Every structure is written in C-alpha cells, then in structure tokens.
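Visitor: Handing you this structure, nothing more for now.
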Amino acid sequence: MYEYARNNPDKEFLVAYSGTGTNLNAYSNKEMADMFSSEVIPNNIMFEDEFNSLLNERNWVDAKIEEFTQLLRKENPTTPEEVEGLINKFICNL
C-alpha cells in the first residue's frame, strides 16, 4: 500500500481504521498502529484521528529511543553510575 501511495503522490488514500473498540483480526489497536508505522508513512495516506494518535505515540517513543541512543554514544559512559546518571538526566528532560 505504501509503495503504491508513493508512486501516486497526486492521490490521497484514506485508511478506514478507527483505532477504537475491539478488532476482528485478533490484533490490539496498538499492535495495528505498530504494524502501520513499521516504516515511514507517505504523506498522502490519511488515518482516522484516534488511530493517528496511536501512530504518533509510536513515532514519539521511537524518536526518544533514538535520542537516548545518540546520548549514550556521545557521552560513552563506562560505569554503572555514569549510565544511571545519563538515564536520570534523560528522564528529567522528557
């Protein structure tokens, strides 16, 4: 679907998935959001507002994980105390 959307940027694709209630597919709403956001979502794919908020949560978490990874690489802690200090510093800035 994403490849088709990328190849047709003049079209808008609406995904009819609400992200609320129960699903017949045995996946939770969060699991569905994780599947949809496993790669970069083209700008011409639109989701319902509630489901879009689940996608945004995933993107925020992924961004924070990457940010912390970069901090670890930059600071290069060598002791458990240094790692703990970086964790505390990072959490305080969330």
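FYI, it's all coordinate maths here, none of it is from the lab. Source: prediction; values computed, not measured. Cβ sites come from the backbone with ideal geometry, for glycine too, and all protein chains shown count toward neighbours.
Visitor: Put +1 on the Cβ of each Lys and Arg and -1 on the Cβ of each Asp and Glu in the stretch 1-75; which of T69, F47, N8 then has its Cα farthest toward the positive end of the dipole?
Guide: It is T69, whose Cα lies furthest towards the positive end.
Visitor: Loop-only GluC sites (Glu not before Pro) in the stretch 19-68, please: DSSP not H, G, I, E or B, and at most 15 other Cβ atoms within 10 Å.
Guide: Taking the stretch 19-68 and a limit of 15 other Cβ atoms within 10 Å, the loop GluC sites (Glu not before Pro) found are E39, E48.
Visitor: Another question, if that's okay. Loop only per DSSP, at most 12 neighbouring Cβ atoms within 10 Å: give me the trypsin sites (Lys or Arg not before Pro) in the stretch 1-83, ordered by residue number.
Guide: For trypsin sites (Lys or Arg not before Pro) across the stretch 1-83 that sit outside H, G, I, E and B with at most 12 neighbouring Cβ atoms in 10 Å, the list reads K11.
Visitor: With charges only on Cβ, +1 for K and R and -1 for D and E, what is the dipole size of the chain about its Cα centre, in debye, rounded to 20?
Guide: Using Cβ point charges on Lys, Arg, Asp and Glu, the chain gives about 100 debye.
Visitor: Assuming a ≥ b ≥ c are the square roots of the Cα gyration tensor eigenvalues, decide whether the chain counts as rounded (a/c under 1.5), prolate (otherwise, with a/b larger than b/c) or oblate.
Guide: prolate
Visitor: Please report the relative contact order for the chain, taking Cα pairs under 8 Å with a sequence separation of at least 6, and give it as a percent rounded to a whole number.
Guide: Here the relative contact order equals 28 percent.
Visitor: Further question on the same structure: Full extension from D34 to T69: what is 0.36 nm times the residue separation minus their Cα-Cα distance, to one decimal in nm?
Guide: That works out to 10.6 nm of additional length.
Visitor: Taking amide H atoms as placed 1.01 Å from N in the peptide plane, list the residues 5 or more away in sequence, or in a different chain, whose amide H sits under 5 Å from that of I45.
Guide: F13
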